[in-house]
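Before we start, here is the structure in question, set down as structure tokens.
The values are calculated or read from the model by the stated rules, or taken from the named source; none is laboratory data. Given the structure is predicted, the values throughout are model-derived calculations rather than measurements. Cβ sites come from the backbone with ideal geometry, for glycine too, and all protein chains shown count toward neighbours.
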Amino acid sequence: MSAVRSTLVGAVLATLRRDLLIAYRRKNDLLNPFMFFVLVATLFPIGVSPEPEMLGEISAGVLWISALLASLLAMDNLFRADFEDGSLELLMLSRHPLYFLVLAKNVAHWLVSGLPIVLVSPLIAYMLNFPEGAYSTLVLTLLLGTPVLSLLGSIGVALTVGLGSRGLILAVITLPMSVPVLIAGTLTVSQTLEGASLSGYLAIMGAMLVASFTLAPLASAAALRVSVN
Amino acid sequence: MDKHTSEKKVQAGMLVPLLAVDDLFCERDERVLFQNLSFRLTGGQVLQIKGGNGSGKTTLLRILCGLNDNYQGLIRWRGELLANCVEEFRDEMLYLGHRVGVSKVLTPRENLLWSGHLRRQISADEIDVALAKVGLQGFEDSQCFTLSAGQHQRVSLARLLLSKARLWVLDEPFTTLDVRGVAFLENLIGQHSDRGGSVLVTTHHAMAVEGLTELTLGEDRKPRVSLS
């Protein structure tokens, strides 16, 4: 038998494929964050006020907070099962840099937990009387922001995966890091409604995405090494 | 007897041992698990690590394969410090842990395809052959939650067949295996040793493997005066 070492790309693609396959098999985990997002967003009109003007004003914030909470709910799936069945150890003992393998897991995780939320957001926005003319901004900010939430959340999950009972600790670690994203996201929407140029705000969110894309897996990988120790 | 034959093997073998451990010290929760632990592992050697429950067998294996860095002492791989040759070491070492690394929602084939790709390029045919060898023919496409613990272990054993690793680090590989599985694994370890591969294994089971050497942990747990 030939023993051609796998390439980094091969290992990353195999990890991506595996995680997507697992998500597809565990349809519950796949649907939970999505349903949670829809439910939280629909509860606001009932709880706050069904007045269209009122809803229109808070809709961007509601959508963003719902997305943040949904991503928090979904985070736990990222490493937990792999930690429990030992797959994480295989991943860490691979000759390939853990950084890229963690990144692959993050991408797969966002594809199944973040992307559906981005895709359904215009519908929920319509339901909340979201101001016309800002739909594309909303989708764009969510498209840039939800991966950041996932990547930051992954640091928290990596830190807490070894703990028996985690409770709220994940939220306590993750939420402070997520606040700037929340602010940037809602600010972008409200500012563009008032006529400000979109590009500046999008650049800030893009910078956040690039920064977390390059740095967060580094922190996650280091945290995983500590957790598995 | 066994010890003698293996010592001869050591002398006849390569000058530089595959794995050299010197003065290993590990403390966990303020208990000393082991101290002044030194041993050599050469090509073809099978080393069984013994010791009671909680004596640090698993911890030792995890230290040696690089999952745990909570230790003092020197570990060398082919004469080079482990920290300086992590990539080469990982290439040549295969660790099968207590947790077998088999995802329950995936099929054995999918599990092996992924773990195989982490190490080398691998084809579905190779995996099917390996699965047949470990006695999982007909289960290739069943999701693993329908399989028993012993079958999970067998999926994990298929990794031994699929890898080219020189050093196998096996943590309690016999626990869930049936009689035939035990014989199969012993045979596999013997073959690996004959090909010049080394095996580090923890088990309470008396292994029927030729040239077996032993290392017992937990004997120096009580405070004692070291002569060296």
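Of everything in segment A:1-11 that's at the interface with chain B (Cβ under 9 Å from one of its Cβ atoms) and without any contact (Cβ under 8 Å) to a residue 12 or more places away in the chain, which residue is surrounded by the fewest Cβ atoms within 10 Å (Cβ to Cβ)?
It comes out as A:SER2.
Since A:GLY133 meets every condition but one in (1) at pLDDT below 90; (2) part of a helix (DSSP H, G or I); (3) surrounded by fewer than 18 Cβ atoms within 10 Å (Cβ to Cβ); (4) among the small types (Gly, Ala, Ser), which condition does it not meet?
Only one criterion is unmet by A:GLY133, namely (2).
Going by the conditions given, is B:ALA165 assigned to a loop (DSSP other than H, G, I, E, B), aliphatic (A, V, I, L, M) and more than 9 Å from chain A (Cβ to nearest Cβ)?
In short, yes.
If I filter segment A:99-111 for residues that are among the hydrophobic types (A, V, I, L, M, F, W, C), out of contact with any strand residue (DSSP E or B) (no Cβ under 6 Å at 6 or more places or on another chain), facing chain B (nearest Cβ under 10 Å) and closer than 21 Å to A:VAL157 by Cα, do I get at least one hit?
Yes, segment A:99-111 has at least one match.
Inside segment A:187-229, can you point out the residues that are of a type in the set (Ser, Thr, Tyr) and under 27 Å from A:LEU101 (Cα atoms)?
Of everything in segment A:187-229, those that are of a type in the set (Ser, Thr, Tyr) and under 27 Å from A:LEU101 (Cα atoms) turn out to be A:SER212, A:THR214, A:SER220, A:SER227.
What about B:GLY44, is it within 15 Å of the chain's Cα centre (by Cα), away from chain A (no Cβ under 14 Å) and more than 13 Å from B:ASP171 (Cα to Cα)?
yes
Return the only residue of B:GLY181, B:GLY135 being more than 14 Å from the chain's Cα centre (by Cα) and at positive phi.
B:GLY135
Sort out for me the strands (runs of 3 or more DSSP E) sitting completely within segment B:44-160 that have 3 or more residues that are surrounded by fewer than 18 Cβ atoms within 10 Å (Cβ to Cβ).
B:72-77
Just to check your reading of the model, which residue among A:LEU20, A:LEU31 is within 22 Å of A:LYS105 (Cα to Cα) and at pLDDT below 90?
Testing whether each residue is within 22 Å of A:LYS105 (Cα to Cα) and at pLDDT below 90 leaves just A:LEU31.
Let me ask something else. Yes or no: A:ALA14 closer than 24 Å to B:LEU112 by Cα, at pLDDT 90 or above and either within 11 Å of another protein chain (Cβ to nearest Cβ) or assigned to a helix (DSSP H, G or I) (or both)?
yes
Given the options B:SER198, B:SER193, name the one that is buried (at least 19 other Cβ atoms within 10 Å of the Cβ), over 20 Å from B:GLY97 (Cβ atoms), in contact (Cβ under 8 Å) with a residue 24 or more places away in the chain and touching a Gly at 6+ places or on another chain (Cβ under 7 Å).
The match here is B:SER193.
Hey, can you tell me all the residues within segment B:74-121 that are touching a residue at least 60 places away in the same chain (Cβ under 8 Å), out of contact with any helix residue (DSSP H, G or I) (no Cβ under 9 Å at 6 or more places or on another chain) and either at the interface with chain A (Cβ under 8 Å from one of its Cβ atoms) or closer than 15 Å to B:LEU162 by Cα (or both)?
Correct list: B:GLU92 only.
Mind checking which residues of segment A:152-180 are free of Cβ contacts under 8 Å to residues at least 40 places away in the same chain and part of a helix (DSSP H, G or I)?
A:ILE169, A:VAL172, A:ILE173, A:PRO176, A:MET177, A:VAL179, A:PRO180 - these are the residues of segment A:152-180 that are free of Cβ contacts under 8 Å to residues at least 40 places away in the same chain and part of a helix (DSSP H, G or I).
One line per residue, one yes/no per condition, for (1) assigned to a helix (DSSP H, G or I); (2) more than 11 Å from every other protein chain (Cβ to nearest Cβ); (3) without any contact (Cβ under 8 Å) to a residue 12 or more places away in the chain; (4) over 18 Å from the mean Cα position of the chain (by Cα):
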site	(1), (2), (3), (4)
A:LEU31	yes, yes, yes, no
A:PHE34	yes, yes, no, no
A:PHE37	yes, yes, no, no
A:LEU63	yes, yes, no, no
A:SER66	yes, yes, no, no
A:LEU69	yes, yes, no, no
A:LEU78	no, yes, no, no
A:LEU91	yes, no, no, yes
A:HIS96	no, no, no, yes
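Check off (1) touching a residue at least 24 places away in the same chain (Cβ under 8 Å); (2) over 16 Å from A:MET208 (Cβ atoms) for A:THR141 and give me the number that stays unchecked.
Here A:THR141 meets the rest and fails (2).
Here's another thing I want to ask about it. I'm trying to understand the selection: among the residues of segment A:17-29, which are more than 9 Å from chain B (Cβ to nearest Cβ) and touching an Asp or Glu at 6+ places or on another chain (Cβ under 8 Å)?
A:ALA23
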